[in-house]
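A short worksheet on the structure shown next.
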Ligand code: ADP
């Protein structure tokens, strides 16, 4: 199995690159943001509860997203590997993920972090908001809140993987294809 985490701030291009990477490496794409939005569109109790946090730019409680990841792993028992996108977003989520994978005799192979500056990220999300239909992408205050939550709660997750020597930064500004190329290069080195 090959398990990859695509890391980086909101708007850093994780979703875009994830789509391309899962096609090339035949991985299962697990995006907690997408899973939560599916719950919202189905108006499930979980979705309605999660929406309150998402609309404010806050994180959904750890146990909710960890539960979703656990069932997704269970659902794809024969997968060649997983690409985690937007998860883990807290150190508690990272530790829970280690345990969930360990229970299945697996682990994270590599964490690739897309580096993009704050102003570029805000610009990209506002641009995406024109067509994404996501209410959290149209309000600059909510976007800035997501960035501050990223710095406070998500950036420390990098440390967790630096300690286990699994962390690598990749330049996240440039064309989609250039960034895809850098990510593939990093993955191919790890797969050797
Ligand atoms: P972005 O990366 O642009 O913020 P996402 O789709 O990854 O977009 O996340 C949208 C929102 O969903 C987040 O602001 C947060 O409220 C919630 N969310 C997604 N993933 C997680 C997670 N792993 N833990 C907690 N909340 C999450």
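The values are calculated or read from the model by the stated rules, or taken from the named source; none is laboratory data. Predicted, not measured: the structure shown is a model, and the values here were computed from it. So basically every Cβ, Gly included, is an ideal-geometry build from the backbone, and we count neighbours across all protein chains shown.
So here's what we get for this one:
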quantity	calculated
Candidates 26, 52 - the one that is on the phi > 0 side of the Ramachandran plot, over 15 Å from the mean Cα position of the chain (by Cα) and modelled with pLDDT of 95 or more	26
Condition met for residue 152 (within 27 Å of residue 97 (Cα to Cα), away from the ligand (no atom under 11 Å from the Cβ) and not in a loop (DSSP other than H, G, I, E, B))	yes
Hits in the stretch 71-94 (condition: within 13 Å of the ligand (Cβ to nearest atom) and assigned to a helix (DSSP H, G or I))	72, 91, 92, 93, 94
Among (1) within 12 Å of the ligand (Cβ to nearest atom); (2) buried (at least 17 other Cβ atoms within 10 Å of the Cβ), the one test that residue 132 misses	(2)
Qualifying residue in the stretch 19-27 (condition: loosely packed, with under 14 Cβ neighbours inside 10 Å, away from the ligand (no atom under 12 Å from the Cβ) and closer than 24 Å to residue 159 by Cβ)	no
Within the stretch 82-100, tally of residues that are in contact (Cβ under 8 Å) with a residue 40 or more places away in the chain and surrounded by fewer than 17 Cβ atoms within 10 Å (Cβ to Cβ)	2
Subset of the stretch 42-62 (residues that are part of a helix (DSSP H, G or I) and more than 10 Å from the ligand (Cβ to nearest atom))	45, 46, 47, 48, 49
Residue that is farthest from the ligand (Cβ to nearest atom), among those in the stretch 1-18 that are surrounded by 22 or more Cβ atoms within 10 Å (Cβ to Cβ) and assigned to a helix (DSSP H, G or I)	17
Residue that is farthest from the ligand (Cβ to nearest atom), among those in the stretch 165-192 that are more than 19 Å from residue 116 (Cα to Cα) and in contact (Cβ under 8 Å) with a residue 40 or more places away in the chain	191
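Conditions (1) within 12 Å of the ligand (Cβ to nearest atom); (2) under 22 Å from residue 83 (Cβ atoms); (3) in a loop (DSSP other than H, G, I, E, B), marked per residue:
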{"position": "113", "(1), (2), (3)": "no, yes, no"}
{"position": "120", "(1), (2), (3)": "no, no, no"}
{"position": "123", "(1), (2), (3)": "no, no, no"}
{"position": "126", "(1), (2), (3)": "yes, no, no"}
{"position": "148", "(1), (2), (3)": "yes, no, no"}
